[in-house]
Every structure is written in structure tokens, then in C-alpha cells.
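First comes the structure, then the notes that go with it.
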Amino acid sequence: MQITADIFGLPAERPHTHETSGLGAAINAAVGAGFYPDHAAAQARMTHPGQRFEPNPEHGRLYDRLYREVYQKMYGRLAPLYRGIRRITQYPRPD
């Protein structure tokens, strides 16, 4: 989450629970059972932010530089290998 905040230059928050799939199911059930009028109301009452991560501008500049100076050049060189992996594994399957 810290890397996400640093890369985008925005605060990032971790959900208050790791059981987000179960929480989503509970929210759906609560709306379906009529405990809340809609999903927005259920979400407002049943969720709350967990740990908050503030961006570190210095790290953000480092990640940006790595992306521009290394990754963008590396991707072009690796693209044929990525295509080879796809050909061999048939993944992801073309639509």
C-alpha cells in the first residue's frame, strides 16, 4: 500500500478487514434483507478505513525514474519473450 501511495502521489487506505469478499457478501445480504435501503448506505455503516498510507514524494520520484529510464526500455526488449510465453501456455487466451 505504501508503494501504491508513493507511485500515485495520493493517500491509500487498507480496508479494515482482510475478509473483503465476505464483507461484500454481507453488504449484499443486508441490502437484500432490507436492513439498508441501498448499497451506499450499507457500505457507509458496515465499513471503515483501516491503515492509511501517505505518499512519500521522494519515493514517488524514484519510482517514476525507474519506470521511465528502465522499465519502459526493458518492456520492449522482453515483449517477444512475453509473446513466446503466451504461445506456449495459451494464457491469457485471446478473445
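The table below gives the values:
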read-out	value
Chain lengthening between residue 68 and residue 14 when straightened (0.36 nm per residue, less Cα-Cα)	16.7 nm
Selected from 33, 21, 70, residue furthest toward positive end of dipole (the chain; charges at beta carbon)	70
Inter-probe distance in nm under a simple model that places probes 7 Å from Cα toward Cβ, at residue 93 and residue 77	3.5
Listed peptides 85-92, 31-38, 60-67 by packing density, highest first (mean Cβ within 10 Å)	60-67, 31-38, 85-92
Between 0 and 90°, nearest 10: helix 57-66 axis offset from the chain longest Cα axis	40
Length-normalised contact order for the stretch 1-89 - Cα pairs under 8 Å, 6+ apart - percent	40
Principal-axis tilt of helix 20-32 within the chain, Cα atoms, nearest 10 degrees	40
Options 80, 42, 5, ranked by Cα towards positive dipole end of the chain, top entry (Cβ charges)	80
Dipole magnitude of the chain about its Cα centre (Cβ charges: Lys, Arg +1; Asp, Glu -1), debye to nearest 20	640
Angle in degrees between helix 72-89 and the longest Cα principal axis of the chain, rounded to the nearest 10	80
Segments 19-29, 68-78 sorted - mean Cβ within 10 Å per residue, highest first	19-29, 68-78
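Read the figures in this text as sums done on the coordinates, not as results from a lab. It should be emphasised that the depicted structure is a prediction, and the values quoted were computed from it without experimental measurement. Using ideal geometry, Cβ is built from the backbone for each residue, glycine included, and neighbour counts are taken over all protein chains shown.
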